Each structure stands twice: as C-alpha cells, then as structure tokens.
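Structure record follows, encoded as structure tokens.
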Amino acid sequence: TGGQFGTLILGFATSGGSKEVLTRAMGPTIGDFGVPDPIPDPRLDMTRNGAVIDEVDDWVDEANSAVISTRGAQLGAFAPTSLLEAILLRSVTPNPYTVLATDVQGNTGQVLIEAYDADDLSAAGRLANLSTRTEVGGAAGILTAGFVIAGTGDLTLLIRGVGPTLTGFGVTGAVADPTLVVISSTSGQRVGNNDDWGSDNAGAKRTTATAVGGFPLNEGSRDAALLITLPPGPYTVEMNSGSGGAQGNGLIEI
C-alpha cells in the first residue's frame with residue numbers, strides 16, 4: 001500500500017441488526033510471519049457513505065484495548081507483536097462500510113487488512129459481504145483475500161474479481177481482464193478458478209448477485225466470478241491481471 005500502489009481498501013456490509021466487527025490493519029506483525037517490507041506504522045479509517053466514522057492509529061491507545069486483545073484471541077486472530085498496529089472494535093448498524101489502511105508517515109510496503117464477525121451466533125446482525133480493492137498485476141502483483149467458513153455445513157459463496165465493470169463507478173485504470181483462483185489454505189490445492197464470468201453459470205451468478213445486493217457485472221465483460229460451494233475451513237482468493245499482465249485497479253468480493 002502507499003506510493004504508486006495507492007491505498008488498500010476493505011469494504012464490508014452488514015444486515016439483519018447491529019453487529020460488532022473487529023477490523024485490523026497489520027504492518028510490523030506480519031513481518032514476523034516472513035512477509036517482506038511491511039509498513040511500519042499502519043493507520044485505519046472506517047467510513048460510511050463517504051464520511052469517516054472512526055479512526056485508529058496505535059491500538060494500544062484505544063480505551064478498549066484490553067477488550068480488543070481478549071476478543072482477538074477468542075476469534076482466533078494472531079496476536080499483535082507491535083503496539084503500532086491499528087485495530088478497531090465497534091458495533092455497526094446494517095450498512096455498507098469502507099475501511100482504509102495507510103501508513104502514518106506515508107511509507108510504502110505491505111499491509112494486511114482484516115474484518116472479523118465479533119458477535120456470537122445468536123446475534124441478530126450478520127456480516128453479509130466482504131471486498132478489497134487495490135492495484136493488481138504488473139509490479140503490484142497479485143491481490144489476495146482470505147476468508148474462513150465456520151460451523152459444520154457447506155456454504156455457497158459468490159466470489160468475484162472485478163475490473164472492467166469498475167469503470168462505470170468512476171474507478172480509473174481498472175484492470176482489463178482479471179483472473180480469479182480460490183485455494184484451500186489447509187491443503188494448498190486449487191478448488192475453483194474463473195477467467196471471464198460469463199463463461200459458465202452466468203444466469204446463476206447474475207441471479208445470486210441480485211439476491212445478495214451485488215452490483216451487476218457488465219454483460220460480456222471480462223470480469224471474473226465464481227459461484228462455489230465449500231466445506232468449513234480457511235481459504236485464499238487470488239486475483240491477477242490475466243494473460244496481458246497490465247497493472248490496474250481490481251476488486252475482490254466475497
């Protein structure tokens with residue numbers, strides 16, 4: 001994030017009632033996991049309808065830092081090893097939200113941005129959609145999103161890698177022909193992939209997007225999308241710029 005690669009952006013939407021969400025922008029700690037060039041001092045800003053509703057620089061300065069630490073452990077999040085990480089725990093109402101991760105001093109480097117459903121299963125609200133947008137392809141490399149399915153039953157997900165359709169929302173320099181791959185983080189095996197969304201199950205993808213409140217993809221576009229049923233476990237989604245390899249803005253949605 002930062003510099004020529006811009007800001008890493010996370011979007012999420014909730015439905016059904018109030019929902020407690022833990023969001024984290026992690027820099028120094030991911031270096032402990034072997035991630036090269038992490039940003040040294042992340043900052044997190046949460047917005048709703050274009051207005052900032054909350055912000056955090058150093059999580060240890062938050063009034064509820066002890067609760068943040070305890071709740072993160074309960075959710076299975078790795079513990080921060082730096083006091084400079086940006087972590088926010090707050091209750092939100094049903095709405096779409098955007099979370100921006102930057103470095104306080106404007107440094108460039110790698111950053112991990114996360115959102116956790118922090119309520120128990122009896123809560124009225126639910127986390128309905130997650131997305132992340134930044135530069136992909138070329139020098140920016142692959143855009144990666146991870147998610148975890150909990151419980152005992154299979155779950156059907158709509159996963160999209162959007163490029164060309166973003167231009168209709170005023171996003172400049174959208175990646176022209178994205179590809180999408182879903183990998184089981186447990187086995188390391190590929191469990192799904194797509195290049196052009198209309199190449200298979202186009203009708204089902206279109207209907208599902210409408211049902212969950214997703215914007216429609218342009219007919220005949222080279223956006224990527226998968227409708228996939230998966231068992232519980234951790235997964236990784238990778239979005240790349242396709243055969244052309246040109247760098248551009250890309251959006252992963254789950």
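The values are calculated or read from the model by the stated rules, or taken from the named source; none is laboratory data. Just so it is clear, the structure is predicted and the values come from calculations on it, not from any experiment. Neighbour counts run over all protein chains shown; Cβ positions are idealised from the backbone, glycine included. Please note that ligands, DNA and RNA were not included when accessible areas were found on the heavy atoms of the full protein model with its side chains. Shrake-Rupley method; radii C 1.70, N 1.55, O 1.52, S 1.80 Å.
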Along the charge dipole of the chain, pointing to its positive end and built from +1/-1 on Cβ of Lys, Arg, Asp and Glu, which listed residue (Ala25, Gly76, Pro231) has its Cα farthest out? Pro231
Consider a paramagnetic label point 7 Å from the Cα of Gln74 along Cα→Cβ; state which residues of segment 147-178 have an amide N under 19 Å from it. 150-151
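Find how much the distance from Val171 to Asn218 grows on full extension, using 0.36 nm per residue of separation minus their present alpha carbon separation; answer in nm with one decimal. Present the calculation step by step, with values, prior to reporting the outcome.
Details: separation 47, 0.36 × 47 = 16.92 nm, distance 1.46 nm.
Once the chain is fully extended between Val171 and Asn218, it gains 15.5 nm.
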So the angle from the long Cα axis of helix 202-211 to the longest Cα principal axis of the chain, reported in degrees to the nearest 10, equals 40
Explain nothing, just the number: dipole magnitude of segment 37-129 about its Cα centre with +1 on each Lys and Arg Cβ and -1 on each Asp and Glu Cβ, in debye rounded to the nearest 20. 360
Just want the answer: with Cβ charges of +1 for Lys and Arg and -1 for Asp and Glu, which residue in Gly34, Ser91, Leu130 is farthest toward the dipole's positive end in segment 27-151? Leu130
Cα Rg, Dmax (largest Cα-Cα span) when computed across segment 165-222, Å: 13.5, 39
Size descriptor, Kirkwood hydrodynamic radius, that averages inverse alpha-carbon separations across segment 67-152, Å: 15.6
Principal axis dimensions, largest first and in whole angstrom, of segment 134-254 by Cα: 42, 32, 22
Each label sits 7 Å from Cα toward the beta-carbon; between Ser18 and Val35 the label points are separated, in nm, by 3.1
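Calculate the dipole size of segment 59-182 relative to its Cα centre from +1 charges on Lys and Arg beta carbons and -1 charges on Asp and Glu beta carbons; express the result in debye to the nearest 20. The partial results should precede the final answer.
Working: 5 positive and 11 negative charges, 47 e Å.
For segment 59-182, the charge dipole is close to 220 debye.
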Whole-number D in µm² s⁻¹ for segment 9-118, Kirkwood Cα-pair radius fed into Stokes-Einstein, 20 °C, 1.002 mPa s: 153
Going by average Cβ density within 10 Å per residue, which order do the peptides 201-213, 99-111 take, highest to lowest? 99-111, 201-213
Answer in debye to the nearest 20: the dipole magnitude of segment 129-254 about its Cα centre, from +1 Lys/Arg and -1 Asp/Glu charges placed on Cβ, is 140
With DNA, RNA and ligands ignored, accessible area of Ser91 (1.4 Å probe; Å², nearest 10): 70
If you stretched the chain out fully between Ala63 and Ala211, how much longer would it get, using 0.36 nm times the residue separation minus the C-alpha to C-alpha distance? 49.4 nm
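Based only on Cα atoms, what mean projected area does the convex hull of segment 95-201 have, in nm²?
Values: hull surface 39.8 nm².
Dividing the Cα hull surface by four gives the mean projection, 9.9 nm².
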